[in-house]
Amino acid sequence: MPTLGWRRNGKREHARSPLNRGYALAPSPSACRPARSSPAFAAAFPLLIVLVLGGCAGRPESVLKPVPVASDASQVNMLVFTTRQAADDPGILYSGDRGTAISVNNVVVSIPPERNRKVGEVQWPSRVPPNPEHDFAVLKADKVPTESEALHWFNATRNKKRQAVIFVHGFNNTYSDAVFRFAQIIHDSGTDASPILFTWPSRGSVFDYLYDKESTTYSRRALEDLILQAAKNPNVGDVTIISHSMGAWLTMEALRGVAMRTGGVPTKVNNVILASPDIDVDVFRRQLIEMGTKRPHFTIFTSNKDKALFVSRWLSGGVSRVGGMSQADLQPLAADMKVLGITAIDTSSVDSHDPLGHTAFADSPEIIRNLGKNIAGQSMEGGQTTLGDRVGLVAIGTANLAGSAARTVVTAPMAVISSDARQSLKQEFSSGQKPLINGKIAY
């Protein structure tokens, strides 16, 4: 049976995964790669049809033209940075094409009254203009021409802790998709951190997976600059980054770039949430190592029932995705995760409105409420997330996430592992130059 995993002491330690059924082992350091005629393709093909049908569902797209305020609707006031090309239609604002500059807008989203919606749902307008009583709608979408105006926005929206939360969306998202989803996350999580959206040039089409992936590469430097600007601003006290799906790859690349430019990830960026990350497990390991020792705490939402990541795995040559692993897959990697400052939460059993199981982090009421607590600085395990809680081992066991079906690993004293093993782990995940031993240099 094929396996997945990371290396330790020059050897690869693997965790068996039910997603690996139907794959044949290949002479490669990566996880298994399926032939297009394999059972994996037979399983992936219906999912591709579901993705295509979902992407072709008719709905109005020109929904961002501001409408009058509804008296009892809630509002989310966000700052939006984008590398997209501006659109001619004021109801679209920005297209899926790549721009030649970083554009900044102040967007205020109206969310229907609680009596007219369910937690976790984005009520997309059924017609234009939207009805704020029943639909998500935009009240304001103004350009932010200067840094002083951006600072004015932050001072007007900041909480006592001066927290900012940056959201990076995933594959197949238009500008309006990203704006409405982020507004829903902020509203339903209950966070009062200042919301900043980074939206990259996704074409919003299931047929443009490769274009979208290249667009994340195109946008890496822009996200790096945004992270550095937020961290260096004396008015900002704390930065949380939430990223979803392909946006998680972009986030990891940007953090890696920031670390290489400045010698580490800024201490203000101490909380990174990767929801259903569409990242190759081998690439993820390299990204973590190349960040160096000054890394933030990572919380990863995974599910082995994520059908979108199953298709992504097939499109990517059969290599396992970080977000597609279950608790059973993660347990053999527990020690590595603890050393790297990672909390993994398996949401495989959590109910979601999404038939593909790809957005549980945002549309599950129990998860989204706990997400707000995490942004506020509480651990998803119920304790406090601290920068110092990075060196240790994850015990073989689970704990309830606020009484829900989601599961998270429990920390245990570092004493349960030998000093030699501890040193080996620290050496492997350090970013320093490795020695040549027996004809090999650890990588």
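Table for the structure above
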| quantity | calculated |
| --- | --- |
| Failed criterion for THR299 (all others in (1) buried (at least 24 other Cβ atoms within 10 Å of the Cβ); (2) modelled with pLDDT of 95 or more; (3) not in a helix (DSSP H, G or I) hold) | (2) |
| Wholly within the stretch 186-286, helices (runs of 4 or more DSSP H) carrying at least 1 residues that are under 26 Å from LYS373 (Cβ atoms) | 220-232, 246-262 |
| Single match in ALA248, ALA259, ALA231, ALA254 (criterion: within 20 Å of SER364 (Cβ to Cβ) and either of a type in the set (A, V, I, L, M, F, W, C) or surrounded by 23 or more Cβ atoms within 10 Å (Cβ to Cβ) (or both)) | ALA248 |
| Some residue of the stretch 276-287 being surrounded by fewer than 22 Cβ atoms within 10 Å (Cβ to Cβ), touching a helix residue (DSSP H, G or I) at 6+ places or on another chain (Cβ under 6 Å) and among the small types (Gly, Ala, Ser) | no |
| Verdict on SER205 being small (Gly, Ala, Ser) and either crowded, with 23+ Cβ neighbours inside 10 Å or modelled with pLDDT of 95 or more (or both) | no |
| Residue in the stretch 121-131 that is charged (D, E, K, R) and closer than 15 Å to ILE185 by Cα present | yes |
| Test for THR199: is it crowded, with 19+ Cβ neighbours inside 10 Å and either within 29 Å of VAL269 (Cα to Cα) or of a type in the set (Lys, Arg) (or both) | yes |
| Filter result (part of a loop (DSSP other than H, G, I, E, B) and touching a Leu at 6+ places or on another chain (Cβ under 7 Å)) within the stretch 69-124 | VAL69, ALA87, GLY91, ILE92, LEU93 |
| Residues located in the stretch 70-94, provided they are closer than 19 Å to ASP142 by Cβ, surrounded by fewer than 19 Cβ atoms within 10 Å (Cβ to Cβ) and of a type outside the set (A, V, I, L, M, F, W, C) | GLN75, ASN77, GLN85, ASP88, ASP89, PRO90, GLY91 |
| Within the stretch 135-149, tally of residues that are within 13 Å of ASN77 (Cβ to Cβ) and either in contact (Cβ under 8 Å) with a residue 60 or more places away in the chain or surrounded by 14 or more Cβ atoms within 10 Å (Cβ to Cβ) (or both) | 5 |
| Hits in the stretch 244-278 - residues which are over 13 Å from ARG295 (Cβ atoms) and of a type in the set (D, E, K, R) | GLU253, ARG261, LYS268, ASP278 |
| Scan of the stretch 290-309 for residues that are more than 15 Å from the chain's Cα centre (by Cα) and closer than 26 Å to GLY237 by Cα, ordered by number | GLU290, MET291, GLY292, THR293, LYS294, ARG295 |
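Conditions (1) farther than 19 Å from SER103 by Cα; (2) assigned to a strand (DSSP E or B); (3) aliphatic (A, V, I, L, M), marked per residue:
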site	(1), (2), (3)
ALA141	no, yes, yes
PRO145	no, no, no
ALA150	no, no, yes
PHE154	no, no, no
ILE166	no, yes, yes
PHE171	yes, no, no
ALA178	no, no, yes
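The values are calculated or read from the model by the stated rules, or taken from the named source; none is laboratory data. Fair warning: this is a prediction, and the values are worked out from it, not measured in the lab. A quick note on method: Cβ atoms are made from the backbone with ideal geometry, for glycine too, and the neighbour counts reach across all protein chains shown.
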